[in-house]
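A short worksheet on the structure shown next.
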Amino acid sequence: MWLSFVGAVALLLLLLYAPGYLALRAFRLPHLLAVCCAPIVTVVLYNIAAIVCSFAGIFGSCATIAVPCLVLCALAAVVSFLVGGRLLRGESKSPFAGGDFAGKESWLQLACYLVVGIVITGYVLVGNLGSADSFFQAFDNVFHLNTVRSFIESGCCSVFDSRLYVREIVGDDAVPWVASGASSFYPTTWHLMTALAVDASGVGLTVAANALNACLAAVVFPAAVFVLLKVLFPRENGVVWLGSVCSVAFAVFPWDFLVFGPLYPNVFGNALLPIAMASFIGLFEAKDRTMLSLPARIGFFVVCVVALAFSHPNSVFSAVVLLTPFLCRCVSCWAGSAKLPGSEYVWKVCGYAVCLVAVGVIWMALYNTSFMQNGPLADWWPSYTRKYLGAKYVVSLALKEPAQWVLAVAVLFGVVRAVQSKEHRWLVVAYAAAAFIFWVDITTDGETKHILAGFWYTDSHRLAATIALAGIPLAALGLWQATCLVVRGVSALGIKAGDNKHAIPVCGFVLALVFCAGNYVVAGPSEEGSLPTAFGSIAAALKGQDVSQTDTIYNESEMDFMKQVEEIVPEGALIINQPNDGSAFACGIEGLNMYYRLLRGYGDDGELEQSKLIRHSLVDMASDDEVAQAVAFTGARYLLQLDAGDFARKNSPHLWTYEDPSWWEGVDFVDESTPGFKLVLAEGDMRLYEIGDPA
């Protein structure tokens with residue numbers, strides 16, 4: 001199983017990097033930048049190809065999505081280097097400001113980021129999975145896994161046509177809701193990449209999902225952070241080096257997203273966000289401002305925004321929060337240097353204020369759109385703590401996990417250093433803005449909270465990740481500041497270490513080791529004599545994904561039972577189920593045609609009357625003609641129970657959406673003596689019944 005995992009990781013890295021790298025090399029970007037930025041281009045290419053396939057009625061697969069993109073990008077690279085004209089001769093400037101992206105040291109720095117990312121991912125994520133096919137058994141993952149299965153079976157992988165029930169395959173009557181088969185927009189880049197990996201390699205869906213998450217945490221995100229720090233600190237190489245141990249240091253991202261929700265699409269979007277930030281900064285600070293370079297920079301930034309939207313729009317709004325202070329600073333500097341009549345300081349303040357108001361107006365315009373009001377703004381997570389405790393959580397970085405004091409000290413040092421620098425002061429403002437929105441979200445309820453945090457569903461986990469993205473550069477800067485202070489202190493003692501060209505690298509290396517030892521330590525709440533740590537909490541949650549444990553909702557014995565079900569049930573036969581017993585995962589993992597694939601929405605206006613009758617009264621099918629007609633309408637041929645006899649789910653683990661047992665008593669109360677149902681497979685508390693002729 002683990003060999004399959006390693007193979008899936010290698011395949012996914014090839015799928016993510018090959019087309020984008022070739023496309024960027026076609027525009028003569030330096031090799032290093034082409035490597036780091038490749039995924040953001042690949043994401044756009046794959047999604048466009050998937051949209052075209054969906055529109056043209058072509059079955060979406062690795063052969064029709066990934067291969068054509070790879071071939072076209074390879075051809076573009078060949079044409080660029082063989083017959084390119086004057087505009088494309090030689091190595092072009094990077095689309096970013098500052099930073100040496102061609103030197104040997106830059107390659108070594110990138111290698112350092114990747115080594116740290118791979119080691120920490122292996123230590124935190126892979127090492128705690130239990131098995132390569134473990135999966136997080138939570139609400140959002142039912143949707144994620146079932147959507148990937150829908151992509152694989154239907155070949156429809158478009159962000160504008162994502163759906164759990166593909167009516168063309170299951171039939172109109174085999175769907176519990178009136179509109180559940182209708183297409184809609186959903187950011188499905190994560191699902192698309194997982195489906196491509198399954199299609200190309202044949203590995204299990206959950207193995208591919210874990211492999212993709214590992215790629216994002218170990219390679220894609222650290223490489224993106226590397227690019228951002230090179231742009232932010234072109235003259236402070238020490239900050240870039242020390243940033244390697246900070247890129248994955250915040251427990252709230254990417255790690256918390258893997259154990260809450262899970263928020264896999266957000267992992268993808270935020271992993272690409274640092275490149276989009278670097279691209280935006282390059283629009284204003286790049287030294288190469290020729291007529292050729294500016295359209296190229298704008299074009300690349302547009303590609304970044306599209307990639308974020310395809311991955312998850314939350315990332316776009318995080319980018320707005322993080323980049324608005326930079327934009328305001330640029331406008332302020334322009335206003336102050338425009339030689340306008342009056343005080344230069346006043347014009348700077350006015351420029352800053354006008355820019356901030358303009359962003360606010362656009363923000364409110366988006367807030368009032370029907371798309372947003374009926375989408376993310378429709379959700380409302382309540383506050384959960386007092387104001388002074390919320391401030392404590394922000395300061396100690398106890399955002400959603402136990403406090404990270406070592407990291408908090410590094411960030412504090414970075415804040416002090418950044419405040420002293422006009423060039424980097426905006427980083428502090430961005431961090432403060434993200435922290436303030438998070439604080440408002442967890443401590444208040446009302447319209448202000450909705451305006452500020454609504455674009456993230458007022459979900460404090462997503463908002464905490466924005467703080468992490470703002471805090472990474474400050475943490476790296478803080479470690480560099482601490483290194484410089486230590487060297488100066490040693491020099492002041494007369495040891496003269498400060499004059500040694502090796503003193504700063506050695507001191508920085510030692511501080512990096514101390515930082516890692518203090519920040520990444522894994523100690524769970526159950527370990528005697530130790531306080532729980534942020535990464536200990538993450539590790540404990542990841543261990544809970546192990547399907548070999550009997551206390552999981554959909555455990556190994558139930559999955560083995562489902563393999564026997566696969567052998568008995570004809571392909572495509574509809575199975576009525578009770579989704580909260582774990583069978584909601586059976587469609588995504590085993591590919592079985594389950595009638596109930598979601599966990600919520602039952603009892604709403606959109607649910608068909610036939611579905612309501614089945615949920616409440618299936619047990620009476622033999623004596624109630626209306627129920628019999630409802631079953632006949634769906635065409636269901638089998639009934640599955642994974643926790644038979646445990647009517648209120650008192651003895652069996654179940655999903656939190658199981659709120660009212662009466663909603664499912666029609667399914668739960670069927671047993672061997674119920675007329676109209678023939679027992680065909682039984683093991684422990686698991687049952688498979690064949691439904692007799694309802695007529």
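The values are calculated or read from the model by the stated rules, or taken from the named source; none is laboratory data. None of these values were measured; they are calculated from a predicted model. Virtual Cβ from ideal backbone geometry, glycine too; neighbours counted across all protein chains shown. Just the protein is used for accessible areas: all its heavy atoms, side chains included, with ligands, DNA and RNA removed. Shrake-Rupley method; radii C 1.70, N 1.55, O 1.52, S 1.80 Å.
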- Message: Quick check on region 234-251: of everything there that is among the hydrophobic types (A, V, I, L, M, F, W, C) and part of a helix (DSSP H, G or I), which residue is most open to solvent (accessible area, probe 1.4 Å)?
- Response: W241
- Quick one: E344 ticks every box in (1) open to solvent by less than 70 Å² (accessible area, probe 1.4 Å); (2) without any contact (Cβ under 8 Å) to a residue 60 or more places away in the chain; (3) in contact with a helix residue (DSSP H, G or I) (Cβ under 7 Å, 6 or more places away or on another chain) except a single one, so which number is it? (1)
- In region 595-638, how many are of a type in the set (D, E) and either in a helix (DSSP H, G or I) or closer than 18 Å to I575 by Cβ (or both)? 4
- Query: If you take the residues in region 435-453 that are touching a residue at least 60 places away in the same chain (Cβ under 8 Å) and among the hydroxyl-bearing types (S, T, Y), which one is farthest from V411 (Cα to Cα)?
  - Reply: T444
- Note on the structure: Across (1) of a type in the set (A, V, I, L, M); (2) over 30 Å from Q629 (Cα atoms); (3) at pLDDT below 95; (4) outside any helix (DSSP H, G or I), V231 clears everything bar (4)
- Message: Any residue that is in contact with a helix residue (DSSP H, G or I) (Cβ under 6 Å, 6 or more places away or on another chain) and more than 20 Å from L129 (Cα to Cα) - is there at least one of those in region 252-269?
- Response: yes
- Message: Just checking, does region 215-222 include any residue being open to solvent by less than 10 Å² (accessible area, probe 1.4 Å), under 30 Å from L485 (Cα atoms), part of a loop (DSSP other than H, G, I, E, B) and not acidic (D, E)?
- Response: no
- Spot the failing condition for Y384; the list is (1) at negative phi; (2) touching a Phe, Trp or Tyr at 6+ places or on another chain (Cβ under 8 Å); (3) not in a helix (DSSP H, G or I), and only one is missed. (2)
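Please return the ranges of helices (runs of 4 or more DSSP H) entirely within region 293-371 where 2 or more residues are more than 21 Å from A430 (Cβ to Cβ).
Where helices (runs of 4 or more DSSP H) fall fully within region 293-371 and carry at least 2 residues being more than 21 Å from A430 (Cβ to Cβ), they are 293-311, 344-367.
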- Inspect all residues belonging to region 193-205 and state whether any of them is among the hydroxyl-bearing types (S, T, Y), assigned to a helix (DSSP H, G or I) and open to solvent by 30 Å² or more (accessible area, probe 1.4 Å). yes
- Looking at A50, A77, which is the one that is under 25 Å from the mean Cα position of the chain (by Cα), open to solvent by less than 70 Å² (accessible area, probe 1.4 Å) and either among the basic types (K, R) or closer than 23 Å to C304 by Cα (or both)? A50
- Message: What's the total number of residues in region 318-341 that are surrounded by 15 or more Cβ atoms within 10 Å (Cβ to Cβ) and either in contact with an Asp or Glu (Cβ under 7 Å, 6 or more places away or on another chain) or of a type outside the set (A, V, I, L, M, F, W, C) (or both)?
- Response: 6
- Please go through region 377-434 and pick out each residue that is surrounded by fewer than 21 Cβ atoms within 10 Å (Cβ to Cβ), closer than 30 Å to C333 by Cβ and among the charged types (D, E, K, R). K422, E423, R425
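When you look at Q641, is it touching a residue at least 12 places away in the same chain (Cβ under 8 Å) and open to solvent by 30 Å² or more (accessible area, probe 1.4 Å), yes or no?
Working: touching a residue at least 12 places away in the same chain (Cβ under 8 Å): yes; open to solvent by 30 Å² or more (accessible area, probe 1.4 Å): no.
The answer is no for Q641.
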- Task: Give region 435-448 a look and list any residue that's surrounded by fewer than 23 Cβ atoms within 10 Å (Cβ to Cβ), β-branched (V, I, T) and more than 18 Å from L322 (Cα to Cα), or say none.
- Result: T443, T444, T448
- Query: For residues in region 391-441 being under 24 Å from V514 (Cα atoms) and among the small types (G, A, S), which is farthest from the chain's Cα centre (by Cα)?
  - Reply: A418
- Does at least one position in region 300-315 carry a residue that is out of contact with any Pro (no Cβ under 6 Å at 6 or more places or on another chain), of a type in the set (S, T, Y), closer than 30 Å to T657 by Cβ and open to solvent by less than 10 Å² (accessible area, probe 1.4 Å)? yes
- Message: I need the full set of residues from region 415-434 which are out of contact with any Phe, Trp or Tyr (no Cβ under 6 Å at 6 or more places or on another chain) and over 14 Å from I472 (Cβ atoms), in order please.
- Response: V416, R417, V419, Q420, S421, K422, E423, R425, V429, A432, A433
- Residues of region 25-46 satisfying the condition of being closer than 23 Å to A309 by Cβ, modelled with pLDDT of 95 or more and open to solvent by 10 Å² or more (accessible area, probe 1.4 Å): V41, V44, L45
